Amino acid sequence: MSLTIISLIGILIISYLLVVNFYPSFGGDVTKELQQQYSTSVNFKDGKFANKTGVPKDPSFSEILKISRKFFFEKVKNGRPKNDLNIQKIDSANVADYKDETRLIWYGHSSFLLQTDGKNILLDPMFGQVAAPLSFLGEKRFNKQMPLEIEKLPQIDAVVISHDHYDHLDYESIKKLKSKVEHYFVPLGVSVHLKAWGIPDNKITELDWWQETTYKDIQFVCTPSQHFSGRKMNNRQSTLWSSWVIKSKTNNLYFSGDSGYEKHFKVIGEKYGPFDFAMLECGQYNEMWSDIHMMPEETAQAGVDLQAKKIMPIHWAGFKLAMHSWTDPITRVSKKAKELNLPLIAPKIGEPIIVNDSTQVYQNWWKDL
């Protein structure tokens, strides 16, 4: 019996190693040389990146089993829309020729096309159907269609990545975008994945928290978040996670990436705010992991901390990655934002968002879906 168990474990380990090495979607690995470079970062300790607050703590085996049982075997009421979400398509010529005031096109979850000062910028461009390294490992996203397919996008001045999780950094999307993108901005370590996928080193800028750079008159600031990283079983925390400040001549924007609620929002607001528009994580949360994903009420408070003129909840309406109903994020954050007298918008996927337009009206499109 013992020999059988050992043999099975050995087969599983060998199978995992073969899959990880065969499929490029798993990305690259941080080398010892890179770890030596990153050791100068205050966020790098004992060979890994870490949050200031000491979270997340590694779950015990029993906790992993508990979470797995809930996620895979407990049915969530209204966990997905009844049907695939209808999205608003946008004309490729409209995008290519756009030179007007700052606008965003939401692709669902945390992906955006930002057009500002004549520049095209993609934020966490995850356009794949499954947030996993292999297609059979995850549920399909809520929207089969995209507002504008990658093939029809114009040249992209910059891609901004918040961290290396599969619902934010997608191999197939990066591969399809490769010929269109001029430059990539990523937190420390994330470049190893891009390089593994054929992106030249001179097209990538890696930043630590609080580091700033300017590209084509757009300022990019890598700012803190409270999250974690990893694309394999053995490389958790090997790359850094972040939020981003993106400042053009006309607008000051904030993109949260993924984060638990902490004091960094207030610090960012004091240092770089006020913000004309803040895209804030609101979805895939649970009390069991609230240190790395905000609850909706905290999302609204983060908007206040950031001194945001208006906020948009993101990280919802894309994938089922937690045990709440798919509309719970927007329902709860809308209620809290109203209590805080904080303007909130919730556009349909693909609906153009004009940042400075305070008259734009958005429908409660998710009702009864």
Using Cα positions and a limit of under 16 Å, work out the aspartates and glutamates in reach of residue 32, with same-chain residues fewer than 8 apart set aside.
-> 46
Scan around residue 190 for amide H atoms under 5 Å from its own, H built in the peptide plane at 1.01 Å from N, and keep only partners 5 or more places away or cross-chain.
-> 240
Distance between Cα centroids, region 93-117 to region 248-270: provide it in whole Å.
-> 20
Aspartates and glutamates whose Cα lies under 17 Å from that of residue 52, excluding same-chain neighbours fewer than 8 positions away = 208, 258, 262, 291
In region 92-354, with Lys and Arg counted as +1 and Asp and Glu as -1 at Cβ, which of these residues, 323, 284, 173, has the Cα nearest the positive end of the dipole, that is, farthest along it?
-> 173
Quick one: of the DSSP bridges fully inside region 92-354, what percent are antiparallel, nearest 5?
-> 60
Within a Gaussian network of the chain (alpha carbon springs, distance under 10 Å), most fluctuating of 124, 97, 328 = 97
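Using the structure shown, select from 57/232; 66/144; 48/249 the pairs with a Cα to Cα distance greater than 27 angstrom.
Numbers: 57/232 17 Å; 66/144 31 Å; 48/249 36 Å.
Distance filter (> 27 Å) returns 66/144; 48/249.
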Electrostatic dipole magnitude of the chain [Cβ: Lys, Arg +1; Asp, Glu -1; Cα centre; debye, to 20] | 700
With runs of 4+ DSSP H residues as the only contributors, calculate the mean residue ellipticity of the chain at 222 nm using -39,500 (n - 2.57) per run, divided by the residue total and rounded to the nearest 500.
-> -7000 deg cm²/dmol
Within the set 152/309; 178/266; 89/195; 271/310, which residue pairs have Cα atoms separated by over 26 Å?
-> 152/309; 178/266; 89/195
Estimated D of region 92-354 in µm² per second, where Rh is the Kirkwood radius over Cα pairs and Stokes-Einstein applies at 4 °C, 1.567 mPa s | 71
How large is ³J(HN,Hα), in whole Hz, for each residue of region 25-37 in order, when computed from phi with the Karplus curve 6.51 cos²θ - 1.76 cosθ + 1.60 and θ = phi - 60°, using x for Gly and Pro?
-> 4, 6, x, x, 10, 6, 7, 4, 5, 5, 4, 5, 5
Any chance you could check the Cα centroid distance between region 276-333 and region 131-170 for me, in angstrom?
-> 19
Which cross-chain or sequence-distant (5 or more) residues have an amide H under 5 Å from the amide H of residue 308, H modelled 1.01 Å from N in plane?
-> 275
In nm, give the distance between the simple-model label positions of residue 76 and residue 263, each being 7 Å from the Cα along the Cα-to-Cβ direction.
-> 3.2
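Rule-based calculations on the coordinates, nothing more; no lab input. This is a predicted model, so every value here is computed, not measured. In this analysis, Cβ positions are derived from the backbone assuming ideal geometry, glycine residues included, and neighbour counts consider all displayed protein chains.
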